[in-house]
Amino acid sequence: MPALQISPALVAAIFFTITACLAKTTNSFWNHIAAIEARDISGPPSAYQSFQNVSKRDVPTPVGHSSSVKCTHPVPRVSFYSATEVEKQAWIQSFNNLHQPGKSIFIRGGSFMDDLALVHIGLQEELHYNACFLVCHTAFLRAFYSLMRISGYQGRELYWDIESDRQYGMQNAALWQSFGGDDGKGGPIPDGPFRQMKCGVLPNTKKPGYSVIQPHFVTRHFNSDWNRKPMIKGDMYGSKLTSQLYENFMNAPSYTKLRLQLEATIHAWIHQSIGGEMWLFSAVCEPAFWTLHAEIDRLWRSWQFRHNRYFDYEGHRRIRRNDGSTEEKLASLDDTIDFYGLFEKIQVRDVMHPRRGILCYRYDKLVGGGPDNAM
């Protein structure tokens, strides 16, 4: 039987029908999830919302935005290595919960993770190699952690501290002790809590933006040169992740220069070095995807803080039409981010600052070790 294919237009149509039926009885998704995260000013911060250097002042959400909840108690976003064992295990369990069947709004019998994969595949043109790369992935992280909360996670949000791992070679990254490794052949995850984990969606490599409903094992193939055959693990691009590279990030003269550097270096190299699922647009099924993109967001926030340029945004945006063609337009803070209805439509400006719009988190440290204490 041929695999079922789903187009972005069909995904949007499915959700439009669902939301049309529920519109009169449901509140704003972001308001609802904010209540789950205990961000409203009426209650005290929960246990996971506290660490030193958290500023006492917070910025309210702009009036009129669909999320009217103030960012009163920012959720700490910390290095995976700073998390307690209880938090790590809770994160892993909740990630596995996202793969549970029967939760999907797009696929009968599918999972929340399948929904995230469908969106990432469908928006591959919009999410990559244009202005929205950083912004859209930040919004996507917001969506991911919203689903993690719904799935029971109550810990801090976690990023992969690649800066501390790179000096020892990424093949020796402590993350693999928690996430398991690879089998050296490009096969399923062989060990750890994600052993033989499955995902239900793959990209249609012959038809960009389309998904194929095909349950499969999430694979890895650690390597230090994607183009070398046979591939060898080596240092997994660790020698390229130098202190000078991080300085180049922080000294980038504009948002566009920073975005280009991040996407072509640390983003591409980590995706390539893990290989397997991480080199497909279904990479969201791999847990390292989310800790990597939180680290990339931390780099962006560090640049914003250093230069006090929280709303710098320019470049081009790419839009895929229903006929498969694409068009490019100048990017704007007023551009809409639409995850095919998986979450409410938002504007770019709503994710430009980590404590405004739909965001409410604070890093334990920025690049160079300073606190994330901008207002």
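Nothing in this text is a laboratory measurement; each read-out follows from the coordinates by a stated rule. Source: prediction; values computed, not measured. Here Cβ is always computed from backbone atoms with ideal geometry, including for glycine, and neighbour counts include all displayed protein chains.
I'd like the FRET efficiency for HIS316 and ASN248, computed as 1/(1 + (r/R0)^6) with the beta carbon distance as r and R0 of 25 Å, rounded to 0.05.
Rounded to the nearest 0.05, the efficiency is 0.65.
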Note to self: Suppose we keep just the alpha-carbon trace of region 84-348; what are its Rg and Dmax in angstrom?
What the structure shows: 17.9, 49
Note to self: Please list 3J(HN,Hα) in residue order for region 264-274, calculated via the Karplus relation 6.51 cos²θ - 1.76 cosθ + 1.60 where θ = phi - 60°; whole Hz, with x for glycine and proline.
What the structure shows: 7, 10, 4, 5, 5, 5, 5, 4, 5, 5, 7
Next item on the list: Name the long-range amide H neighbours of HIS316: under 5 Å, sequence gap of 5 or more, or other chain; modelled H, no Pro or chain starts.
Entry: ALA131, ALA331
Notebook entry, point to check: How far apart, in nm, are two points set 7 Å out from the Cα along the Cα-to-Cβ line at LEU260 and at SER239?
Noted result: 2.7
Notebook entry, point to check: Once label points are set 7 Å from the Cα along Cα→Cβ at both PHE217 and LEU330, what is their separation, rounded to one decimal in nm?
Noted result: 5.2
